[in-house]
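Notes follow the structure.
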Amino acid sequence: MSNAEDQNQSSVESPAAPSLSPAVRARLQTCFEYGNKKMQSGNFDYATEMFIQCVLGDPGNLIYMQTYIGNLRVKYGNNKKGASFGLFKSGGSKGALKTAEVRKKWQDVLKSGCEALKTNPWDDSVFFSMGRACLELGYNETGLAYLKHAVECNPEDIEINRYAAVELGAQHIYDQAIACWQRILNKKPDDLQAKKNITDLLLEQTIKKVNDNPVANTASAASTDDPDSALSEEDRFELGLKKTPKNRMLYEEMADFFFQKGNLRKAEDICQRALKVFPDDEVFTYRAFEFAKMRAREAVERAKQLYAKDPSEAMKAEYIKVREAYEQKNLDLIKFKLKRNPNSGQAHYEYGNYLMQHKEFKDAINEFQSAKIDTTIQGECLLALAFCFQSIKQYRLAIMHYDGALKVLEGEGEYVKRALYEGAKLAYALGDLKKADEYAHRLASIDFSYKDLGDLLDKIDKKVDNK
């Protein structure tokens with residue numbers, strides 16, 4: 001992976017993958033489970049922040065890495081391109097990534113890569129850089145997985161294929177390495193290195209098979225003795241059901257399999273089939289609602305893109321229809337959660353958000369007040385209450401809840417920025433220049449480019465000077 005000159009760089013981070021303490025592993029797993037709950041409820045942005053902590057805390061964990069990417073892709077309705085103008089939005093992160101890569105600060109490459117993927121989880125160049133970083137740090141499994149994503153996102157890129165081919169070959173993953181060299185050969189038919197490496201890998205693969213299977217007919221005998229060996233995952237599932245039609249675990253595993261593959265329709269179908277065998281099963285009912293909601297969200301994203309290309313009345317009507325269908329699916333899932341667990345702070349929080357988005361602020365306040373007993377989301381609830389009180393012109397109560405939210409919220413994430421920004425604007429409007437100045441300058445120390453913060457600071461300073 002590195003030449004001698006690279007290895008002599010004293011500033012390069014150690015390639016040894018550090019082991020994690022049981023306490024750290026437990027903390028990351030708790031974070032991962034919480035992120036999964038947020039993802040299942042459709043709160044993809046919050047889930048993203050949870051999963052980033054997991055990916056950076058344990059870069060060698062393939063499940064953390066794949067779930068992080070899967071969550072973002074579902075968020076964007078699997079549109080293969082991410083956010084609108086994502087290239088501009090990710091410019092800062094990608095710039096930091098390249099700088100870290102040049103300096104061989106591999107952990108920083110992963111950090112900047114996670115930020116860049118937020119706007120486009122199909123960015124081949126980011127996957128390529130993160131794959132290199134993981135391999136340099138000794139995380140071979142996730143390193144190869146990032147490289148595979150890079151190849152899948154841009155199968156025509158010669159540099160990505162070449163690098164992936166070398167690493168896959170070194171790990172004895174022959175078929176995939178040969179496929180990478182073959183793609184290079186398709187683009188550059190006269191590439192002698194690609195031709196030679198394909199020949200060498202085929203020979204090495206044959207020798208390994210012979211060494212691993214000294215008896216020449218072992219492979220054919222195995223296929224004869226085990227007719228299930230060549231079956232697809234879906235075929236195995238169907239065969240398993242024929243043998244054990246009430247095997248609940250099979251249904252769960254298959255629903256997860258299709259979900260991880262991004263096939264939400266089949267994941268939902270599996271849950272509906274399971275409900276015919278296990279009527280009123282809460283888990284399968286919940287997941288059926290969940291997958292239906294995710295599918296509806298994907299439909300909204302597709303309709304939105306089509307409407308942007310063709311802003312006709314017919315496309316507008318279709319977009320509104322699809323969006324209303326999604327809203328209904330979302331409400332169905334929320335009400336199911338409340339019925340299933342009426343004391344769940346998370347369920348009340350989700351219902352409060354739904355009501356707030358539909359401008360039913362007084363009802364939303366009741367839900368958020370019920371939800372804030374859950375200490376894991378108390379800060380978000382207080383911030384939502386501040387928005388609601390502000391919307392019904394209870395400004396003092398709004399300021400009080402912005403204060404409360406900022407006492408509970410940790411770090412420098414989006415919720416903290418929103419609380420500081422909205423709190424500063426409201427305090428300024430109310431003439432509380434001291435609080436407005438405090439909030440605005442605190443936000444400036446975190447993110448000076450946030451919305452129109454610069455203009456707001458100028459207005460506050462001007463009013464303070466005049467006073």
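For segment 58-73, name all the residues that are open to solvent by 30 Å² or more (accessible area, probe 1.4 Å) and without any contact (Cβ under 8 Å) to a residue 40 or more places away in the chain.
The answer is Ile63, and nothing else.
Test Gln53 against the stated conditions and say whether it is open to solvent by 60 Å² or more (accessible area, probe 1.4 Å) and modelled with pLDDT of 90 or more.
yes
For segment 383-406, state whether one or more residues are among the charged types (D, E, K, R) and in contact with a Leu (Cβ under 6 Å, 6 or more places away or on another chain).
No; the residues of segment 383-406 include none that is among the charged types (D, E, K, R) and in contact with a Leu (Cβ under 6 Å, 6 or more places away or on another chain).
Can you pull out the residues in segment 351-374 that are open to solvent by 20 Å² or more (accessible area, probe 1.4 Å) and in a helix (DSSP H, G or I)?
Correct list: Tyr351, Asn353, Tyr354, Met356, Gln357, Phe361, Lys362, Asp363, Asn366, Glu367, Gln369, Ser370.
Does Tyr450 qualify as being outside any loop (DSSP other than H, G, I, E, B) and buried (at least 17 other Cβ atoms within 10 Å of the Cβ)?
Considered against the rule, which asks whether it is outside any loop (DSSP other than H, G, I, E, B) and buried (at least 17 other Cβ atoms within 10 Å of the Cβ), Tyr450 comes out as no.
Among the residues of segment 291-301, are any closer than 22 Å to Gly70 by Cβ and more than 20 Å from the chain's Cα centre (by Cα)?
no
Mind listing whichever residues of segment 252-292 are at pLDDT below 85, out of contact with any Leu (no Cβ under 9 Å at 6 or more places or on another chain) and of a type in the set (Phe, Trp, Tyr)?
Phe257, Phe259, listed by residue number.
Working only within segment 7-36, note down all residues that are modelled with pLDDT of 85 or more and open to solvent by 60 Å² or more (accessible area, probe 1.4 Å).
The answer is Arg25, Arg27, Gln29, Thr30, Glu33.
Of Ala440, Ala436, which residue is touching a residue at least 24 places away in the same chain (Cβ under 8 Å) and among the small types (Gly, Ala, Ser)? Spell out how you get there, then give the answer.
Numbers: Ala440 fails: touching a residue at least 24 places away in the same chain (Cβ under 8 Å).
Only one candidate passes the filter, namely Ala436.
Within segment 376-397, can you find the residues that are open to solvent by 20 Å² or more (accessible area, probe 1.4 Å) and charged (D, E, K, R)?
Residues satisfying the conditions are Lys393, Arg396.
Which condition number does Phe85 fail, the rest of (1) more than 16 Å from the chain's Cα centre (by Cα); (2) at pLDDT 90 or above being met?
Every listed condition holds for Phe85 apart from (2).
At pLDDT 90 or above, within 13 Å of the chain's Cα centre (by Cα) and over 30 Å from Ile334 (Cα atoms) - does that describe any residue in segment 98-113?
Yes, segment 98-113 contains a residue that is at pLDDT 90 or above, within 13 Å of the chain's Cα centre (by Cα) and over 30 Å from Ile334 (Cα atoms).
Which condition breaks for Ala150 when tested against (1) out of contact with any Asp or Glu (no Cβ under 9 Å at 6 or more places or on another chain); (2) over 30 Å from Arg323 (Cα atoms)?
Here Ala150 meets the rest and fails (1).
Is it true that Glu438 is open to solvent by 90 Å² or more (accessible area, probe 1.4 Å), assigned to a loop (DSSP other than H, G, I, E, B) and not β-branched (Val, Ile, Thr)? Steps first, please.
Details: open to solvent by 90 Å² or more (accessible area, probe 1.4 Å): yes; assigned to a loop (DSSP other than H, G, I, E, B): no; not β-branched (Val, Ile, Thr): yes.
Against the criterion (open to solvent by 90 Å² or more (accessible area, probe 1.4 Å), assigned to a loop (DSSP other than H, G, I, E, B) and not β-branched (Val, Ile, Thr)), Glu438 does not qualify.
The values are calculated or read from the model by the stated rules, or taken from the named source; none is laboratory data. Just so we're clear, the structure is a prediction, and the values are computed from it rather than from any experiment. FYI the Cβ positions are ideal-geometry reconstructions off the backbone, even for glycines, and counts take in every protein chain you see. These accessible areas exclude ligands, DNA and RNA; they are computed on the full protein's heavy atoms, side chains included. Shrake-Rupley method; radii C 1.70, N 1.55, O 1.52, S 1.80 Å.
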